[in-house]
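> Below are the structure tokens for one structure; questions will follow.
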Amino acid sequence: MEKLSFRLIAPRSASGTRTQAIVGVVASGNLEVLLERNLPTDICTIDIATAAHGFGMVWDAVVRDFVARRSAGGLHISVNDGGARPDTVALRLAQGIRKIEEPER
Amino acid sequence: MSDWGMQKAALGERLAAGRQHARGKVVPIPSLPAFLKAVIRSGDRVCLEGDNQKQADILASALANLDPRDVHDLHMVQSGVVLPAHLDIFEKGIARRLDFSYSGPQAARIARMLFGGKIELGAVHTYLELFARYFIDLTPNVALIAAVSADKDGNLYTGPNTEDTPTVVEATSYKNGLVVAQVTEVVDKVPRVDIPGDLVHFVVEANRPFYVEPLFTRDPAAITETQILTAMLAIKGIYAPYGVRRLNHGIGFNTAAIELLLPTYGEKLGLKGKVCTHFALNPHPTMIPAIEAGWVEQIHCFGSEVGMEDYVAARSDVFFTGPDGSLRSNRAFCQTAGLYACDMFIGSTLQIDLEGHSSTVTTSRIAGFGGAPNMGSDPRGRRHPSEPWLKAGAEADPDANAALRRGRKLVVQIGETFGDRNAPLFVERLDALDLAQALKLDLAPVMVYSDDVTHIVTEEGIANLLMCRSKDEREQAIRGVAGYTEIGRARDAKLVEQLRQRGVIQRPEDLGIDPLDADRNLLAARSIKDLMLASGGLYRPPSRFRNW
């Protein structure tokens, strides 16, 4: 298991009021993403535990694009990865934002 | 004394030798080994019928069981090297030279045998190209073919899987070659005559059907969200603006996703009747929902597909069927249709380089070409206009005199930036080059050449290579859709952004597509069972695809 951590300045913060959200599953080629709203609104931190070693450069590119493009400010994100491809990672992260921004009922 | 008529005389000798082991035209199974030994001569050019679908499997095994002291140095000319027996023939020294087209499941073993010098390789062809050579310089002395049934005169019924048979028989029988057919059974009257009996010299009653691989069945359950996204991009970014009505789809999950999105996403975009009305295509089970929803006017098929027989027979308004009701397929005609009468080919591949060459060869596997390079190429002999063809031609050369400007076929490569086991789709150098070097081949096995490919679709977007004006632009357009691969990360971000401003690269957001909408609920069928239900129970999936 390889562990990676990122702390990034986020240009946009997550809207809504939900305090946490979870998407995806830990399975081969898939990943689970837990988002928690507990940081200053211009900060996003991402902790990754991945079964695939040696993809640090790819993760770096994926999470930087994610924070630049999506409203990730204020979120602490934990990723439990089962060797997902980068496109799946990007999709799950975006789905996580959509879920935590959903209005509460 | 004249020397003319030697081929006829040689055929006469083979026929006489064969008759020793036959009753009329019918060879009983126990006599098959002695029969083959009697009619095949060392050094013969032999066409063993078999492609990516049907196989003359009984005849293949019998050929592989010959004694190489009796028969050796055969030159095999055949569409597919697919069964283990196809390579046993070389392993045992019965055959020496090989010209072929496709080798899917034997890709690894054929590579080992080429490296080991067990096979002397002529060339790897596309189907149509190999068929063409059957009539010029690779005409078979003996053809071993497969059919469903025969009558005692040798009239053959091939059923829905006619495929290569008429082509092989035409080239062999009319050039004094010997034609031997394996059939499931000998009957009084065949349901329809696919091959006239006077072209068929012997019939082997096998008592079981020839093998057919369900190669074109894609389980919707395995389609990923990323594949759905690529399918949405292709439909909205290519099918719609070009108005692609006549096309061919490759095998793969991306094109299966497109087929399953037509009645849902395509319908929402108002594209019914405007795209995907005519196909050169096998009866893909994933086409059922689109056909049922009335999208498709006509489909001509290379072969059939296991389990689709009853469905096809019940949809003769769409498919080509015979007086017996079942599908008539024909690989040579369908390949020709795919080349000349289709405006688009779209398919997946394993590797794309920075110029846009693509290949399915990896260093340890030679899968061959099949038909993809034929469909995936711009036919220089085409002369009839159509909207997509003219539009693509104009994009490639906007300043030319329109009346003298060739159109362009749309040749689209579609895939995810990372494939199986995280292997990148985009590479600096194709593995095919290393393979060509190691085997001292004159040509690297390239599936689609750079100058034929017009668009590349990945989850990151669409690159329109027709609109690139320099080698550098082309490279950056490819890097610009290469995602997080090394090739993608090494892009010139500024140039890629300029290409995007010009519409050379289109992102999902440029097309009004939210990647979060790429949901499996968009698929018109999400399982094999859904497909069966959509067909009203007419589609009978092979057991390996059933989980109920």
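Coordinate-derived values only; no laboratory data. Model, not experiment: these values are computed from the prediction. Every residue, glycine among them, receives a Cβ derived from its backbone with ideal geometry; neighbour counts consider all protein chains shown.
> Using amide H atoms built 1.01 Å from N in the peptide plane, name the residues 5+ places from B:Gly368, or on other chains, whose amide H lies under 5 Å from its own.
B:Ser103
> A follow-up question, please. Taking the 0 to 90 degree range and rounding to the nearest ten, how far is the long axis of helix B:387-396 tilted relative to the main principal axis of chain B, both from C-alpha atoms?
60 degrees
> Could you tell me what percent of the DSSP beta bridges with both partners in chain B are antiparallel, to the nearest 5?
30 percent
> Tell me which lysines have Cα within less than 20 Å of B:Lys391's Cα, excluding those fewer than 8 residues away on the same chain?
Cα-Cα hits under 20 Å: B:Lys236, B:Lys274, B:Lys409.
> Over the stretch B:343-506, what is the percentage of antiparallel beta bridges among all DSSP beta bridges, to the nearest 5?
60 percent
> Please turn the phi angles of the stretch B:483-495 into ³J(HN,Hα) values with the Karplus equation 6.51 cos²θ - 1.76 cosθ + 1.60 (θ = phi - 60°), one per residue in order, whole Hz, x for glycine and proline.
x, 8, 5, 4, 4, x, 6, 8, 6, 8, 4, 5, 5
> Note the full-extension length gain between B:Trp4 and B:Asn207 as 0.36 nm times their separation in residues minus their Cα-Cα distance, in nm to one decimal.
69.0 nm
> Determine the shape class of the stretch B:10-211: with a ≥ b ≥ c the square roots of the Cα gyration tensor eigenvalues, call it rounded for a/c under 1.5, and otherwise prolate if a/b is greater than b/c, oblate otherwise.
Prolate.
> Provide the FRET efficiency to the nearest 0.05 for the B:Leu15-B:Asp397 pair, computing r from the beta carbons and using R0 = 45 Å.
0.20
> Run through the stretch B:52-101 and list the trypsin sites (Lys or Arg not before Pro) located in a DSSP loop whose Cβ has at most 13 other Cβ atoms within 10 Å.
Within the stretch B:52-101, the qualifying trypsin sites (Lys or Arg not before Pro) (loop, at most 13 other Cβ atoms within 10 Å) are B:Arg69.
> Please count, across the stretch B:10-211, the pairs of lysine residues with Cα atoms under 28 Å apart that sit 8 or more places apart or on different chains.
Here the count comes out as 19.
> Taking a ≥ b ≥ c as the square roots of the eigenvalues of the Cα gyration tensor of the stretch B:425-547, is the shape rounded (a/c under 1.5), prolate (a/b larger than b/c) or oblate?
Oblate, since a/c reaches 1.5 and b/c is not below a/b.
> Here's something else I'd like to know. Using a cut-off of 12 Å between beta-carbons, work out the net charge of the residues near B:Cys47 (Lys and Arg +1, Asp and Glu -1, B:Cys47 not included).
Combined, the nearby Lys, Arg, Asp and Glu give -3.
> Around B:Pro379, with a cut-off of 12 angstrom between Cβ atoms, what is the net charge of the other residues, counting Lys and Arg +1 and Asp and Glu -1?
Here the count lands on +3.
> Just need the Rg to Rh number for the stretch B:457-505, please, alpha carbons only, Kirkwood Rh.
Radius of gyration relative to Kirkwood radius: 0.91.
> Under 20 Å Cα to Cα from B:Lys494, which lysines show up? Leave out anything in the same chain fewer than 8 places away.
B:Lys471
> Let me ask you something else. Using alpha carbons only, how many degrees (0 to 90, rounded to 10) separate the axis of helix B:6-19 from the longest principal axis of chain B?
Orientation of helix B:6-19: about 70 degrees from the principal axis.
> Would you mind putting A:64-70, B:395-401, B:325-331 in packing order, based on average other-beta-carbon counts within 10 Å, highest first?
B:325-331, A:64-70, B:395-401
> Compare the peptides A:49-58, B:379-388 by average per-residue count of other Cβ atoms within 10 angstrom and give them in order, highest first.
With the highest mean Cβ count within 10 Å placed first, the list reads A:49-58, B:379-388.
> Using r as the Cβ-Cβ distance of B:Asn65 and B:Glu486, and R0 as 35 Å, what FRET efficiency do you calculate, to the nearest 0.05?
With a Förster radius of 35 Å, E is 0.10.
> For chain B, what is the Kirkwood estimate of the hydrodynamic radius, computed as the reciprocal of the mean inverse distance between distinct Cα atoms, to one decimal in Å?
Answer for chain B: a Kirkwood hydrodynamic radius of 24.5 Å.
> Near B:Gly537, within a Cβ-to-Cβ distance under 12 Å, what is the net charge of the other residues, with Lys and Arg +1 and Asp and Glu -1?
Once all neighbours under 12 Å are counted, the net charge is +1.
> Using a ≥ b ≥ c from the Cα gyration tensor of the stretch B:103-172 (square roots of the eigenvalues), is it rounded, prolate or oblate, where a/c under 1.5 gives rounded and otherwise the larger of a/b and b/c decides, a/b for prolate?
prolate
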